[in-house]
Structure formats: C-alpha cells, structure tokens
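*Asks:* I am attaching a structure below and will ask some questions about it afterwards.
The values are calculated or read from the model by the stated rules, or taken from the named source; none is laboratory data. This structure is a prediction, so every number in the text was calculated from the model and none was measured. Heads up, the Cβs are rebuilt from the backbone with ideal geometry, glycines too, and the neighbour counts pull from every protein chain shown. Just the protein is used for accessible areas: all its heavy atoms, side chains included, with ligands, DNA and RNA removed. Shrake-Rupley method; radii C 1.70, N 1.55, O 1.52, S 1.80 Å.
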Amino acid sequence: MNFTPKENPLILGIESSCDETAAAVIRGRELLSDEIASSAATQAKFGGVVPEIASRAHAEAVDEVVARALKNAGVKKEELDAVAVTYGAGLLGALLVGLSFAKGFAYGLGIPLIGVDHIRGHLAAAYLEDVSLEPPFITLLASGGHTAVLYTERADRFRVLGGTLDDAAGEAFDKVARVLSLPYPGGPHVEALAREGKAVVPMPKMLKGHGGYDFSYSGLKTAVINYVHTKEQRGETWSRADVAASFQSAALDILVQKTVEGARETCASVVTAGGGVIANGYLREKLTAACAEAGLKLVLPSKKHCTDNAAMIASEGLVQYRLGNFSPLTLNAEASIPLVRQH
Ligand code: KG4
Ligand code: ZN
C-alpha cells in the first residue's frame, strides 16, 4: 500500500461492540459528524443485551449509519485517509459486523484499516474535547466492564494505578438498578432516582487495603441487596430513592478521591475521564469540584462521548495513525482484551 501520512487526516470511525451502531468522521481532532443507531430500546425488553439481536441490528443499520456520517461530514468516501474500527472487546457477533464492514471499506478504497481497542477509545474521547490535550495525564476510566485510575505517560503508554477487584462501576449500577426494579441500562435510571433521595443508608467501605487504589464493588452491591431484602422481609417501609442516592455516592465518591490522589502521586496536572459511568451528573459535579480544589485541569468528554460512540474510536484511530500502527485485513474480533497488553 502506498502511504503518505497526513498532518490532519480524515478518519472514519466505526463502533459496533455492544448495542450501538455508530459512525463518525474526524479531520485531525475536529469532529465533523457523529452518528448513532441504538438497539437499546429493543434490548431493554429482555433486561440486558441479547447478542443475536445486537448482531442483526448492526447488520441492518451499519450501511445507513456510515452513509449518514459521511453525508453529515460533507465528505466523499474517496477522500478518507483511514478507517478505524472497534475490533474488541465486546460481543463477537456484533464486533464482526462493524469489523467486516470496515475491512471492505478500507480494502475498496485502498486506505489503511486501524483496529481499535474499545477501551482505548473511551480513553481517547477526551482528545476531542480539548484539541491541545497531550499526555501526561491521569484518567478515570469507568464503564460497564472496567473501572480504573490510569496514568497516561504517552499516547500509547499507560500505567494502571489501580482499579476494581471485582465488578466494574457500571456493572454495579446495572445490578443495583435491577434490585430497585429499574430498567436496563441501569446507570441513568439510578442517577435520576438518586436525585430524589438522600445518602442516608449506611454503605460499606469501598477501598480494599490501606491507602491503595483498589476497590471492590461486589460488597457494595451485596449490601444494597441485603438492605432491600431485610426491609421487605420485615415489612418495613424504605425509600428507593435514598438507597439509590446512598449507593451512588458510595460508588462514585471513591473514584473522585482516588483520581485526585493519582494526580498528586504522579505529579500530573491534568485529569481526563472516559466510559459510560462518566456520563453521571453527580460524578461530573464532584470530579469538577475536586479537581478545581486541587488545582488540576479537568478535561471531561461530553456525556454523548462517555457512553459508546464512534467519535472516540476515530479519535483513538488518529492516535494510532500518527504512530503508524495499521492493522492487516486478517484482523479478527476479540471478545476480551486486557486493559494493558503485555508485549
Ligand atoms: O462505556 P459504556 O457505554 O459501555 C462499556 O464499554 O461498558 O458503559 C456502559 C455502562 C453501563 O453499565 C451503564 O449503566 C453505565 O455505563 N452508565 C451510567 C450512566 N450512564 C451509563 N452509570 C451511572 N450513571 C450514568 N448516568
Ligand atoms: Zn464502552
């Protein structure tokens, strides 16, 4: 392939790892279009994501979503410089739809294919928010599958300071939502309910060990389940909103605290964040206040770019493009990818 890297390449990003079919176009870090089609409403009826339904929905939507992304960006496909696509982690069938589409696109146009790790995409969302953002910085990652505080030394070099030992923060939100009879995905519903309550229900400590960064969400989830069951068995009244508020503050305050500690320990002056849980308004307010108090610059992706989207995949695609990291057309989908790959 004849390839000359450009300063501000036009990159098409495609995401299909779960229930969102998304496509976006960036020129350098400038976001030109950002499209999404979701099968979440269909999935909600089943209380979670049904892989087969997700794959079918992607297959039906991908063509149209990509066409819309190109049209709204005012770009012809022949002008693209690369195609970035999520190759993992996620549902294999769902990933394969986006990946196969992207391969065909890249091959047909004779441009590079860039396979993107979905979580790296979440981490790269902040680059679109602030075009001058460069490492080093501390990132709070909180999604449905991961919760960690990371130190980004270079665009492609991370150190995990610590994270969850069991459930991820988003997973805990989804499980607690079920206990509170709220629909899937639980996070936004728990957040809305928590706004009507007070954090007065005692919750267990989140931190494991002394002074470290590792936390456990499994104990917190069990505490919520036990509280609700005990109240119901005794026939006592209890407030769903107070439980939601108590759970939310216990689950999120620790993340804010550990992020600021991470910045202090590594002498980083900038903090970023990524992942679905970062769309939580309570967390955003607390993180903003804590960073301001500690004199840290906070680059927070918009709520739309915290939950799954293709702009973040294009953004990580740009990081890889600049490093010259391209993928072969034999690239396969991967159901799981370690947070930091050992080379
Ligand atoms: O990053 P994401 O969209 O998908 C993964 O890569 O995992 O994260 C989804 C997770 C779900 O567990 C969802 O309940 C949670 O993020 N989430 C929230 C909020 N919005 C989404 N959790 C708390 N508050 C929210 N507003
Ligand atoms: Zn995600």
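*Asks:* What FRET efficiency comes out for residue 337 versus residue 230 if R0 is 41 angstrom and r is the Cβ-Cβ distance? Round to the nearest 0.05.
*Replies:* Calculated value: 0.55.
*Asks:* Of the listed pairs 6/76; 205/231; 231/258; 76/103; 77/297, which have alpha-carbon separations greater than 29 Å here?
*Replies:* 231/258; 77/297
*Asks:* What FRET efficiency would be calculated for the residue pair residue 63, residue 154, taking the C-beta separation as r and a Förster radius of 41 Å, to the nearest 0.05?
*Replies:* In this case the efficiency is close to 0.65.
*Asks:* Then there is this: List the trypsin sites (Lys or Arg not before Pro) within region 243-343 that fall in a DSSP loop (any state other than H, G, I, E or B) and whose Cβ has at most 13 other Cβ atoms within 10 Å.
*Replies:* Sparse-neighbourhood loop trypsin sites (Lys or Arg not before Pro): 341.
*Asks:* For the Cα atoms of the chain, what angle does the longest principal axis make with the long axis of helix 51-73, in degrees from 0 to 90, nearest 10?
*Replies:* It is inclined by approximately 60 degrees.
*Asks:* So in region 1-120, what percent of DSSP beta bridges are antiparallel if you round to the nearest 5?
*Replies:* In region 1-120, approximately 60 percent of DSSP beta bridges are antiparallel ones.
*Asks:* Pick out, in residue order, every one of the trypsin sites (Lys or Arg not before Pro) in region 61-92 that is DSSP loop and has at most 14 other C-beta atoms within 10 Å; say none if there are none.
*Replies:* Filter output for region 61-92: 76.
*Asks:* In whole Hz, what ³J(HN,Hα) sequence does region 135-142 give by Karplus (6.51, -1.76, 1.60; θ = phi - 60°), x for Gly and Pro?
*Replies:* With the stated coefficients, region 135-142 comes to x, x, 7, 9, 10, 9, 9, 8 Hz.
*Asks:* If you don't mind, another one. Give me the angle, in degrees from 0 to 90, between the Cα long axis of helix 218-234 and the longest principal axis of the Cα atoms of the chain, rounded to the nearest 10.
*Replies:* The answer is roughly 40 degrees.
*Asks:* In vacuum, with every alpha carbon of the chain counted as one equal point scatterer, what does the Debye formula give for log10 I(q)/I(0) at q = 0.07, 0.11, 0.14, 0.15 Å⁻¹? Two decimals, please.
*Replies:* -0.29, -0.71, -1.10, -1.23
*Asks:* Which residues make up the longest stretch of the chain clear of GluC sites (Glu not before Pro) that lie in a DSSP loop with no more than 14 other Cβ atoms within 10 Å, not counting the sites?
*Replies:* In short, 8-195.
*Asks:* Starting from the Cα-Cα distance between residue 269 and residue 237, subtract it from 0.36 nm times their residue separation and give me the gain in nm to one decimal.
*Replies:* Length gained between residue 269 and residue 237: 6.8 nm.
*Asks:* Let me ask you something else. May I ask you to list the trypsin sites (Lys or Arg not before Pro) in region 137-224 that are in a DSSP loop and have at most 13 other Cβ atoms within 10 Å of their Cβ?
*Replies:* Those satisfying the criteria are 195, 198, 205.
*Asks:* Below 11 angstrom from the Cβ of residue 240, what's the summed charge of the other residues (Lys, Arg +1; Asp, Glu -1)?
*Replies:* -1
*Asks:* To continue, here is another question. What figure in square angstrom, to the nearest 10, would you give for the accessible area of residue 340 with a 1.4 Å probe?
*Replies:* 50
*Asks:* Next question, about the same structure. Once phi is turned into θ = phi - 60°, what whole-Hz ³J(HN,Hα) does the Karplus curve with 6.51, -1.76 and 1.60 give for every residue of region 170-175, x standing for Gly and Pro?
*Replies:* Values, residue by residue: x, 4, 5, 4, 5, 6 Hz.
*Asks:* Once fully extended, how much extra length lies between residue 196 and residue 72, figured as 0.36 nm per residue of separation less the alpha-carbon to alpha-carbon distance?
*Replies:* Gain on extension, residue 196 to residue 72, equals 40.7 nm.
*Asks:* Same structure again: Can you send over the carbon and sulfur percentage of the accessible area for region 281-343, probe radius 1.4 Å, protein chains only?
*Replies:* 54
*Asks:* Roll a 1.4 Å probe over the protein chains and send me the accessible area per residue for the chain in Å².
*Replies:* That works out to 44 Å² for each residue.
*Asks:* Once you place label points 7 Å from the Cα toward the Cβ at residue 6 and residue 30, how far apart are they in nm?
*Replies:* Taking the simple label geometry, residue 6 and residue 30 are separated by 1.2 nm.
*Asks:* If one takes the longest principal axis of the Cα atoms in the chain, at what angle in degrees, from 0 to 90 and to the nearest 10, does the Cα axis of helix 281-294 lie?
*Replies:* In the chain, helix 281-294 runs at an angle near 90 degrees to the longest axis.
*Asks:* Hey, any idea what % of region 1-108's accessible area is carbon plus sulfur with a 1.4 Å probe?
*Replies:* Ligands and nucleic acids excluded, carbon and sulfur give 54 percent.
*Asks:* How high is the relative contact order of the chain? Use alpha-carbon pairs under 8 Å, at least six apart in sequence, and give a whole percent.
*Replies:* RCO, the chain: 24 percent.
*Asks:* Also, I was wondering about something else. What full-extension length gain, to one decimal in nm, is calculated for residue 181 and residue 303 as 0.36 nm per residue of separation minus the Cα-Cα distance?
*Replies:* Between residue 181 and residue 303, full extension yields an extra 41.5 nm.
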